[in-house]
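Just below is one structure, and these are the notes that go with it.
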Amino acid sequence: MKLTIPTILLPFMVFCFACKRTGISYPVLSAEAGSDSFIIETRPFGIGNEQFEADFGSLAVPENRRKEVSRSIRIPFLRIHSKSGNPSEPIFGLSGGPGQSNMNWDRGVAWTFLPDHDFVMVGYRGVDGSCRLDCPEVVKAFKNTREPLSEESIKAIGHAWSRAAGDLKKLGVDLDGYTMLECIEDDEAVRKALGYTHINLLSESYGTRIAYLYALKHPDHVLRSAMIAVNPPGHFVWEPRMIDAQLKYYATLWSKDPAMSGKSPDLYNTMRKVLDAIPHRWLAVPIDAGKVRAVTFSLLFQRSNAVKVFDTFIAAEKGDASGLALMSLAYDFVVPSLSVWGDLASKAVSADFDSSRNYSVEMDPTSDRPLGSPMSKLLWGSLSCSNWPANRLPDEFRRLQQSDVETLLLSGSVDFSTPYEFARNELLPYLKNGKQIIFSECGHVGDIWYVNIENTRLILKSFYNTGIADTSLNTYSPISFKVKWGFPVIAKTSVGVVAAIAFLLTAAIVKFIRRHRKRKVNLI
């Protein structure tokens with residue numbers, strides 16, 4: 001097995017703002033692409049062995065609809081046509097983020113619905129289309145920061161947010177126009193342009209917040225809405241108390257496995273002990289405690305990666321810090337490039353930022369919450385130290401309201417990013433025609449889709465077609481804590497490979513020198 005940097009770090013690339021995907025490409029049209037407000041090109045689109053007709057296009061929209069005079073930006077869209085002679089209402093996809101594209105939906109997901117519905121993707125302003133809110137200053141600050149959760153580092157990253165906002169404004173960007181409400185109106189513009197009267201919504205994580213607001217703003221145009229890994233208003237901030245409760249839940253599941261209990265009788269206590277005394281290095285590799293904490297939390301989103309985290313902490317408790325070193329190293333390669341940071345800041349701050357909170361202090365670990373909320377501190381703590389424009393959404397869209405739209409909530413029972421309890425206790429009571437299905441021992445979006453993909457497909461297809469979710473395939477899929485290639489194994493194997501290569505190179509050099517010396521002797 002050839003271990004390159006991308007291969008080694010692959011398990012770390014699962015951070016929950018979203019689910020990054022590959023597969024669907026589309027033409028990015030600049031604002032100067034043409035004078036017409038609506039541009040479209042139809043060509044074949046392949047999914048597996050099948051070819052579908054698809055419309056690739058872009059639409060000119062105002063950058064800020066709240067102003068009488070605003071420049072235009074272009075938003076891309078993609079419509080994949082159903083082969084049905086009489087398709088039902090189309091499905092508009094709203095993927096995770098913020099800071100992620102909405103144009104890279106998995107082809108298998110789209111294929112699930114194409115027998116009965118067109119599938120439509122509309123780009124997220126700020127990421128897709130003619131204006132992208134890149135913040136190189138913030139990327140640089142993340143990369144060049146030691147102990148990223150220290151007060152000094154949080155302030156430095158905050159200053160980077162401020163400089164980035166200033167630079168975007170100098171480029172003529174109106175940051176007040178990059179909100180979820182504007183994204184909704186972009187979708188509405190595409191809906192009208194494509195001639196649809198009613199649409200269905202399929203949303204994931206951050207996209208579920210957009211879907212909820214969409215149903216509030218345009219209830220007459222939304223027939224049904226399915227939300228995967230639900231994020232109700234107020235919950236872009238990951239709260240330490242919920243993170244700690246989920247760690248304890250995992251520890252309970254762990255204790256029921258005799259083989260795992262033999263490795264550690266108390267998983268939660270193992271996590272606590274290691275987090276309280278993260279070593280400074282492994283061999284010659286430095287270990288940054290803040291980076292380990294941030295990567296630990298990010299990896300807990302999916303259960304296949306969570307078990308690797310637990311394997312790493314058990315090894316560390318026994319004196320093997322190799323996995324922690326790999327996690328610390330991964331931060332520098334993964335976290336700075338996780339998001340289009342300006343888009344994340346604009347959407348999140350406008351929706352959930354609370355100036356009365358001291359995020360840096362509230363998100364810190366405590367004696368009874370050993371992990372704290374490291375990514376909340378990194379993001380919300382640094383944003384609170386910045387002067388990023390806080391264009392608050394109207395209060396009516398920052399709180400829960402009654403919705404009559406048929407809504408299906410799909411949640412994992414151990415989702416660190418969007419805990420099912422928030423959807424059940426807060427959002428569901430406001431959904432007159434809502435229902436929640438909780439997937440046992442599943443985490444964030446990827447688990448809900450792929451732990452039992454046929455079950456998820458059946459639930460969603462039946463819901464969109466009839467309004468009733470068919471759960472006949474919804475079987476219990478317990479988590480397995482067994483790890484074949486854990487981070488300690490990968491780290492030590494990588495070091496072994498590097499050492500072997502170094503040994504072979506050294507041997508080759510020594511052999512060359514000896515031959516060269518021998519040749520010199522012979523010449524003399």
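Of the residues making up the stretch 165-184, those that are in a helix (DSSP H, G or I) and either hydrophobic (A, V, I, L, M, F, W, C) or free of Cβ contacts under 8 Å to residues at least 40 places away in the same chain (or both) are Ala165, Gly166, Asp167, Leu168, Lys169, Lys170, Leu175, Met180, Leu181, Cys183, Ile184. Among the residues of the stretch 104-120, the ones that are buried (at least 24 other Cβ atoms within 10 Å of the Cβ) and either hydroxyl-bearing (Ser, Thr, Tyr) or assigned to a loop (DSSP other than H, G, I, E, B) (or both) come to 0 in all. Being of a type in the set (Lys, Arg) and buried (at least 24 other Cβ atoms within 10 Å of the Cβ), is that true of even one residue in the stretch 314-322? Checked against the condition, which is being of a type in the set (Lys, Arg) and buried (at least 24 other Cβ atoms within 10 Å of the Cβ), the stretch 314-322 yields no hits at all. Considering (1) closer than 22 Å to Val295 by Cα; (2) at pLDDT below 95; (3) among the acidic types (Asp, Glu), the lone condition that Glu362 does not fulfil carries the number (2). Applying the condition of being among the aliphatic types (A, V, I, L, M) and out of contact with any helix residue (DSSP H, G or I) (no Cβ under 8 Å at 6 or more places or on another chain) to the stretch 104-139 and asking which residue is nearest to Pro62 (Cα to Cα) yields Met121. Scanning the stretch 31-64 for residues that are assigned to a loop (DSSP other than H, G, I, E, B), at pLDDT 95 or above and either touching a Leu at 6+ places or on another chain (Cβ under 6 Å) or not acidic (Asp, Glu) (or both) gives a single hit, Asn64. If you filter the stretch 270-284 down to residues that are free of Cβ contacts under 8 Å to residues at least 60 places away in the same chain and outside any loop (DSSP other than H, G, I, E, B), you find that the one that is farthest from Ser255 (Cα to Cα) is Arg281. Of all positions in the stretch 169-185, none carries a residue that is over 25 Å from Leu202 (Cβ atoms), in contact with a Gly (Cβ under 7 Å, 6 or more places away or on another chain) and surrounded by 17 or more Cβ atoms within 10 Å (Cβ to Cβ). Ser403: within 30 Å of Tyr268 (Cβ to Cβ) and among the polar types (S, T, N, Q), yes or no? Against the criterion (within 30 Å of Tyr268 (Cβ to Cβ) and among the polar types (S, T, N, Q)), Ser403 does not qualify. Here Ser58 fits the description: surrounded by 24 or more Cβ atoms within 10 Å (Cβ to Cβ), touching a residue at least 12 places away in the same chain (Cβ under 8 Å) and among the polar types (S, T, N, Q).
Being touching a Phe, Trp or Tyr at 6+ places or on another chain (Cβ under 9 Å), within 30 Å of Gln436 (Cβ to Cβ), among the polar types (S, T, N, Q) and surrounded by 15 or more Cβ atoms within 10 Å (Cβ to Cβ) is a condition met by at least one residue of the stretch 240-259. Among residues that are at pLDDT 95 or above and closer than 20 Å to Trp238 by Cβ, Phe397 is not included. The set of residues from the stretch 396-428 being aromatic (Phe, Trp, Tyr) and not in a helix (DSSP H, G or I) comprises just one member, Phe416.
Scanning the stretch 191-235 for residues that are assigned to a loop (DSSP other than H, G, I, E, B) and surrounded by fewer than 22 Cβ atoms within 10 Å (Cβ to Cβ) yields Gly195, Tyr196, Thr197, His198, His218, Pro219, Asp220, His221, Pro232, Pro233, Gly234, His235. Among the numbered conditions (1) crowded, with 18+ Cβ neighbours inside 10 Å; (2) modelled with pLDDT under 95, the only one that Phe92 does not meet is (2). Report yes if Ala251 is hydrophobic (A, V, I, L, M, F, W, C), part of a helix (DSSP H, G or I) and either at pLDDT below 95 or over 27 Å from Ala325 (Cβ atoms) (or both), otherwise no. No: the conditions fail for Ala251. Condition (residue is farther than 30 Å from Asp311 by Cβ and modelled with pLDDT of 70 or more) applied to the stretch 472-488: is it met by at least one residue? Yes, the conditions are met somewhere in the stretch 472-488. Restricting to the stretch 138-164, what's the tally of residues that are farther than 26 Å from Ala325 by Cβ and without any contact (Cβ under 8 Å) to a residue 12 or more places away in the chain? Result for the stretch 138-164: 0. Can you spot a residue in the stretch 121-128 that is touching a Leu at 6+ places or on another chain (Cβ under 8 Å) and surrounded by fewer than 24 Cβ atoms within 10 Å (Cβ to Cβ)? No, the stretch 121-128 has no match at all.
The values are calculated or read from the model by the stated rules, or taken from the named source; none is laboratory data. Quick caveat: nothing in here was measured; it's all calculated off a predicted structure. No Cβ is skipped: glycine too gets one built from the backbone with ideal geometry, and neighbour counts run over all protein chains shown.
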